[in-house]
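For reference, the structure discussed in these notes is given below.
The values are calculated or read from the model by the stated rules, or taken from the named source; none is laboratory data. Everything numeric in this text was worked out from a predicted model, so none of it was measured. FYI the Cβ positions are ideal-geometry reconstructions off the backbone, even for glycines, and counts take in every protein chain you see.
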Amino acid sequence: MAAWLCRALVQRNGRLLPSYPNSVGRLCSRGVGSSSPAPGALSAFQDKPRTVEDLPNISFLELIYRMVFQGFYNRLHELQIDNKQRYGHIYREGQKSVSVNTPQLLEEVLRNDEKFPTRGDLSAWKEYRDMRGYGYGPFTEEGERWYNLRVMLNKRMLHPKDSAQYGDDINDVVTDFIKRLSYLRQCSPEEDLVPDMANELYRFSLEGIASILFETRLGCLEKEIPAGTQDFIHSIGQMFSYNLAAFLMPKWSRSLLPYWRRYIEGWEGIFCFGKKLIDKKMEVIQQRVENNQEVEGEYLTYLLSNTQMSTKDVYGSITELLLAGMDTTSNTLTWTFYLLSRNPHTQDRLYEEVSTMVPAKRIPSAAEDVPCSSCECKDHCRKECCYWWIYISKENRFTLHHYAISHDEETFPEPFTFKPERWLRDGRVRPNPFASIPFGFGVRGCVGRRIAELEMYMALFRVIRHFEIKPDPTMGELKCINRTVLVPDKPLSLYLVDR
């Protein structure tokens, strides 16, 4: 596949790498700025390579050196852009991984997908599941078994009409979230300050996805949250913090260094929390069956009552959906609120839009009133989407460098600037659709996309309508660190002022 891609590019373009201007922009945010490769770095590689072996190669030792000694370990997104400047649009990382970092190459790869596309190496994730006897979920399953699993999981979630049925539940969660924000503002010694917005958004996202997956409210937005909820949030952060080490470090080091124990502890907390909620729902269903009562419900009830999924597969799938639905949605909203606080003109336009769309006393519905202010979330996703890799064939793994792709200057002028208007459908030329695909593409796209979009748009719509978001002047600028997704390097404090 990689060799075919090289030949196809040569035949189509006459060369593998395009020409670029002589200047390379300043490095932005700890050394990253321009996403275009310098011609000096490319001159050695512009002789029409036709095989994988002809591509410039980053050895494994060089990658480790740059991550450990040059400090890119938790800044892999910046490493993507740095490597693009050094090696161009397509190059090798190690012996089998081919990296691509332009929208055109990404589209070429994804449109030649196989029937059962596979992800990259998730052996460390699978290893924990094998240790504890849990089944694989939508992230960890492969091949035809993955396809059959996705067919079952897609129902009642992926279609827009399916997600719309959860609109009332999500609106109830958003209502409680706004009440909690008001409570935190009142408790703050500094008027209107919410001291750790990211943690509050974790609670909101957990409450939202749990209301859909488990058909119940957890109480994450109450003044006193249930025991175990904050431990679950901490477990997610701990697992992701040691995720890269778990994949890169040799197995013999696990007994010598603490990373593996802490990584497993993170998974233990995640699965313990998910299993407890699933078992509770199974008990309710069993009681209804024993009492000859009709078994009614939405997502989890459907999986338990109308599919052939085993209990261990339900544990694996629902816990992975819970993990994904919480971590990604909360981080997207965290960055969106942060960027809006630092771009008041954009925030004013958004407030004007939501005020015009729905009268002040009416709550927007999922079916009718989801705002086109999704542009704010889209431009955040473009700025903060980091890594996603996928196997295409047995011979080659393609690493898709989404952060470098979504900061391509030819596709996105001023790529490091927050400009939601890029996405407006107002007659302007819109970006290449493959330049930003935070939910993936094709059959392996995100199963919870519609739910995540609904949660984010509803939360953004209603929070903006209630509060003006202002930055905390004592906090300074947030920077991104890599924790599988990009998270802030310190807690986010925001002032929420009543409108």
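Against the criterion of being more than 18 Å from Cys446 (Cα to Cα), not in a loop (DSSP other than H, G, I, E, B) and not polar (S, T, N, Q), Leu153 does not qualify. Take the residues of segment 439-472 that are touching a strand residue (DSSP E or B) at 6+ places or on another chain (Cβ under 9 Å) and not in a helix (DSSP H, G or I): which is nearest to Phe139 (Cα to Cα)? For segment 439-472, the residue satisfying everything is Gly440.
Only one residue in His89, His77 is closer than 30 Å to Gly316 by Cβ and either surrounded by 21 or more Cβ atoms within 10 Å (Cβ to Cβ) or in the same structural domain as Val487 (by TED's automatic domain parsing) (or both). Which one?
Working: His89 fails: closer than 30 Å to Gly316 by Cβ.
Only one candidate qualifies: His77.
Scanning segment 195-228 for residues that are of a type in the set (A, V, I, L, M), more than 19 Å from Leu323 (Cβ to Cβ) and out of contact with any Lys or Arg (no Cβ under 8 Å at 6 or more places or on another chain) yields Met197, Ala227. If you filter segment 60-93 down to residues that are part of a helix (DSSP H, G or I) and of a type in the set (A, V, I, L, M), you find that the one that is nearest to Tyr403 (Cα to Cα) is Ile81. So, of the residues in segment 463-499 that are over 23 Å from the mean Cα position of the chain (by Cα) and surrounded by fewer than 17 Cβ atoms within 10 Å (Cβ to Cβ), which turns out to be farthest from Asp192 (Cα to Cα)? Among residues in segment 463-499 that are over 23 Å from the mean Cα position of the chain (by Cα) and surrounded by fewer than 17 Cβ atoms within 10 Å (Cβ to Cβ), the one farthest from Asp192 (Cα to Cα) is Gly476.
Of the residues making up segment 158-173, not a single one is among the β-branched types (Val, Ile, Thr) and surrounded by fewer than 17 Cβ atoms within 10 Å (Cβ to Cβ). For segment 222-236, filtered to residues that are surrounded by fewer than 18 Cβ atoms within 10 Å (Cβ to Cβ) and at pLDDT 90 or above, the residue that is farthest from Lys275 (Cα to Cα) is Glu222. One residue alone among Phe204, Phe273 is touching a Gly at 6+ places or on another chain (Cβ under 9 Å) and touching a residue at least 12 places away in the same chain (Cβ under 8 Å), and that residue is Phe273.
Residues checked against (1) within 30 Å of Arg362 (Cβ to Cβ); (2) touching an Asp or Glu at 6+ places or on another chain (Cβ under 9 Å):
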{"site": "Tyr457", "(1), (2)": "yes, no"}
{"site": "Arg465", "(1), (2)": "yes, no"}
{"site": "Lys470", "(1), (2)": "yes, yes"}
{"site": "Glu477", "(1), (2)": "no, no"}
{"site": "Val485", "(1), (2)": "no, yes"}
{"site": "Pro488", "(1), (2)": "no, no"}
{"site": "Pro491", "(1), (2)": "no, yes"}
{"site": "Tyr495", "(1), (2)": "yes, yes"}
{"site": "Asp498", "(1), (2)": "yes, yes"}
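Met456 meets the conditions (1) under 17 Å from the mean Cα position of the chain (by Cα); (2) not aromatic (Phe, Trp, Tyr); (3) not assigned by TED's automatic domain parsing to the domain that holds Met157 in every case but one. The failed one is (3).
With respect to Val109, determine if the residue is more than 21 Å from Phe416 (Cα to Cα), in a helix (DSSP H, G or I) and in contact (Cβ under 8 Å) with a residue 24 or more places away in the chain. It is true that Val109 is more than 21 Å from Phe416 (Cα to Cα), in a helix (DSSP H, G or I) and in contact (Cβ under 8 Å) with a residue 24 or more places away in the chain.
Residue check: is Phe247 assigned to a helix (DSSP H, G or I), surrounded by fewer than 16 Cβ atoms within 10 Å (Cβ to Cβ) and in contact with an Asp or Glu (Cβ under 8 Å, 6 or more places away or on another chain)? Yes, satisfied.
Selection within segment 409-431: residues that are outside any helix (DSSP H, G or I) and either on the phi > 0 side of the Ramachandran plot or in contact with a Leu (Cβ under 9 Å, 6 or more places away or on another chain) (or both). The member of this set that is modelled with the lowest pLDDT is Gly427. Give the residues of segment 61-111 that are of a type in the set (Ser, Thr, Tyr) and closer than 21 Å to Pro250 by Cα, sorted by residue number. Tyr65, Tyr73, Ser97 - these are the residues of segment 61-111 that are of a type in the set (Ser, Thr, Tyr) and closer than 21 Å to Pro250 by Cα.
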